[in-house]
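Taken together, the values in this text are just the output of simple stated rules run on the coordinates, not laboratory data. Remember, it's a predicted structure, so these values are computed and weren't measured experimentally. Neighbour counts are summed over all protein chains in view; Cβ atoms, including those assigned to glycine, are modelled from backbone coordinates with ideal geometry.
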Ligand SMILES: [Zn+2]
């Protein structure tokens, strides 16, 4: 069920007219659908810094229009939205190479500085949706979980996800399960910095 309010839906229809964002077909039966459709997915993406902590699923930025055919393909998981390869490469390089202290969360860098004149963008059939790249990426990582395909886009998305998970784990090391909490028998300390326990409840 959609979490989009009727005013969010009106705004989405205003943005796209009656055009499906996938096939670009114009049809009065195009449906407003959520990009992030489950609270759990939203929370997982917030945890990794892909979406902002106040990400509201009930806003126009969380929706797009799909014609009934594309909607059906989406529901059956034959289709997924992705970002252009140069954008995925930019995100991967940013997450991998930016010094951790100055690295922003994925939703913070704002517009990704890829020129429309970039050769790769000229050669391929990309079109721009009026949705932040982070939202598309958050939906994409859900979809690729069980995908073993070796396409370049999926490989890049998996690389980014792995880097974000490592960064998250470094910031929030998992709590020890033995419950002794704190007795550190000769193990390495992290230079006096406090270890924050990670809330795994997904809040
Ligand atoms: Zn369509």
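Here are a few things to note about the model shown:
- Cβ crowding within 10 Å ranks 38, 21 as 38, 21, fewest other Cβ atoms first.
- Here the convex hull built on the C-alpha positions of segment 1-155 has a volume of 131 cubic angstrom per residue.
- Segment 141-158 and segment 28-50: distance between their alpha carbon centers, rounded to Å: 18 Å
- For the Cα trace of segment 6-75, dividing Rg by the Kirkwood Rh returns an Rg/Rh value of 1.02.
- Ranked list, fewest to most other Cβ atoms within 10 Å of each Cβ, for 12, 144: 144, 12
- Neighbour-count ranking [beta-carbon atoms within 10 angstrom, fewest first] of 137, 74: 74, 137
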